[in-house]
Amino acid sequence: CLMPKKLALQLEEVSEDALKNRIQLRQVKASVDMYDQLLQAVCFFQNNRENSNAERVFSLMPEKNAHSYCTMIRGMVKHRAYSKAFDMYTDLLNNRLSAMMIGAGDLLRQMAQQNIQPNLLTFNSVLKTLRRCGSLARSMALQTLSEMKALNIVYFFSNAMRICLDLKDIQLAYQLHRVLETAGNRKMMGDMLQKTSYYFNNLLFLCYSGRFLNLLCIMEQLDIVLKWYKELVPSMFYPNSKGMLDLLQALDTANHLEMIPQIWKDIKQLGHSRRPAVVEDVLALMARDIQSPEVQVAFADCAAEIKSLYETQERKQTVLEWTAASLGNCTVLFARAGRMPETWNMLEFFKKYNRIPSDLVMNEVLDCIKQNQQPAQALDLVKLASDFSLQSTSKLATRVLEEFQLSEEQRKDLADMTAESTDGSDSD
């Protein structure tokens, strides 16, 4: 029942109705053959070949009007025959025919001379072209928006904001924002659903997919970024995960990573806490540098929440999978906060998920063990490193020997582990 219907020709005689029947069935060759016999009605079809049937039929037309010219030009543009399309447009002008040319930004002046009013598609094409025009786009983009306002054309600022982003021009973005806020311009946004979608995707309802947030994070100082962020989130819009990643990068650039726990609360509230890219970026930024004790405690609390997300996953939720990096970063964050039980639990996860800890992770854990003065656990760490066949096993053993007070039995056990590790490396 889902197969296409098999349609047969209804008329066999040579007539205009028979030609229309073949056109409706999209039988191109049969239609052209019928046309050759009739030399009346017109069939428009561009098959992207030189001297095509469409061009031959067009040349045979006794009278050509604006509709026939426009149909041919659209077909040529669609199939990338641009030079032919422009030649035909010139021919159209020479014959003093007027037609609506959609998507021809470089022909606006000629359109104005012929009193042809552009529409939304025309302006969108102009804005797309301006994205490739470098510094010229700054003034032209605002002029284009002014023209749209004068013609009372509904517009959305997506292409204009792309120009701002391409040019890294934050001032132009602010001007676009002021245009939208002026007088009754917001009425041109459409219904409430469109407004909601606009705010959701744009941070300042200026573009889809968070372009304005990206531009702010690249060009502005952090205090200005946070000013806009606090003003609009979540009362006016929910930024997407890309927007949150941009904000995290802004915190990193401004060297204010201590604010990550606060942003993590927003990430959870906005529903991005199960986005692998967001979660791993949060962990990586928190674990990269050593912070003050107070900040390390806040970071460890965030790590504990993230760990619980990995452990309690429902079927319909995005699955978070432990990577060596995420395991290592969580381990480091617990270790720096002096939370030994959670730190050791993370080391056990390395075995459970078949991951290998890095030298940095093992040294951070040893620092935590030293802080808690637990020589027995230090030996367990060396044993674990030996089980993982880590090349840093001997260095860890040396640290334990130098930095911990060991009994003679513990020293002997440590020497045995080091020997086993060396023997294993030699056999490899």
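The values are calculated or read from the model by the stated rules, or taken from the named source; none is laboratory data. Keep in mind it's a predicted model, so treat the numbers as computed, not measured. Cβ placement follows ideal geometry from the backbone for every residue including glycine, while neighbour counts extend to all protein chains displayed. Ligands, DNA and RNA are excluded from the accessible area calculation, which covers all protein heavy atoms including side chains. Shrake-Rupley method; radii C 1.70, N 1.55, O 1.52, S 1.80 Å.
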Check: Computed from the mean reciprocal separation of all distinct C-alpha pairs, what Kirkwood hydrodynamic radius does region 275-428 have, in Å?
Finding: 16.3 Å
Margin query: Which order do the peptides 330-337, 237-244 come out in when sorted by mean C-beta neighbours inside 10 angstrom, highest first?
Written below: 330-337, 237-244
Next item on the list: Figure the gain on full extension for Asp91 and Val297 (residue separation times 0.36 nm, minus the Cα-Cα span) and round it to one decimal in nm.
Entry: 66.6 nm
Next item on the list: Would you mind putting 314-321, 405-412 in packing order, based on average other-beta-carbon counts within 10 Å, highest first?
Entry: 405-412, 314-321
Margin query: Debye calculation, C-alpha points only, no solvent: report log10 I(q)/I(0) for region 301-355 at q = 0.23, 0.25 Å⁻¹, in the same order as the q values.
Written below: -0.89, -1.02
Next item on the list: Find the relative contact order for region 223-371 and round it to a whole percent, using C-alpha pairs within less than 8 Å whose residues are 6+ positions apart.
Entry: 19 percent
Note to self: Per residue, how large is the accessible surface of region 313-428? Use a 1.4 angstrom probe and give square angstrom.
What the structure shows: 56 Å²
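How would you classify region 290-330 from its alpha-carbon gyration tensor, with a ≥ b ≥ c the square roots of the eigenvalues: rounded for a/c under 1.5, else prolate if a/b is greater than b/c, otherwise oblate?
Values: a/c = 4.40, a/b = 2.03, b/c = 2.17.
Cα axes put region 290-330 in the oblate bin.
Mind giving me the FRET efficiency for Gln249 and Lys64? R0 is 60 Å, r the Cβ-Cβ distance, nearest 0.05 is fine.
FRET efficiency, Gln249 to Lys64: 0.55.
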Checklist line | Inter-label distance for Ala304 and Lys20, nm, one decimal - labels placed 7 Å from Cα along Cα-to-Cβ | finding: 7.9 nm
Check: Say each of Lys230 and His79 gets a label point 7 Å from the Cα, pointing the same way as Cα to Cβ; how far apart are those two points in nm?
Finding: 6.1 nm
Check: Leaving out ligands, DNA and RNA, what percent of the accessible area of region 222-271 is carbon and sulfur, probe 1.4 Å?
Finding: 52 percent
Note to self: Suppose the chain between Thr318 and Thr398 were pulled fully straight at 0.36 nm per residue; how much longer would it get relative to their current alpha carbon spacing?
What the structure shows: 24.5 nm
Item checked: Inter-probe distance in nm under a simple model that places probes 7 Å from Cα toward Cβ, at Lys168 and Lys352 -> 4.5 nm
Margin query: So for each of 164-174, 223-233 I average, over its residues, the number of other beta carbons within 10 Å; can you give me the resulting order with the highest mean first?
Written below: 164-174, 223-233
Check: How long is the gain from Leu360 to Glu409 if the chain were fully straight, where each residue apart is worth 0.36 nm and the alpha carbon distance is subtracted?
Finding: 14.8 nm
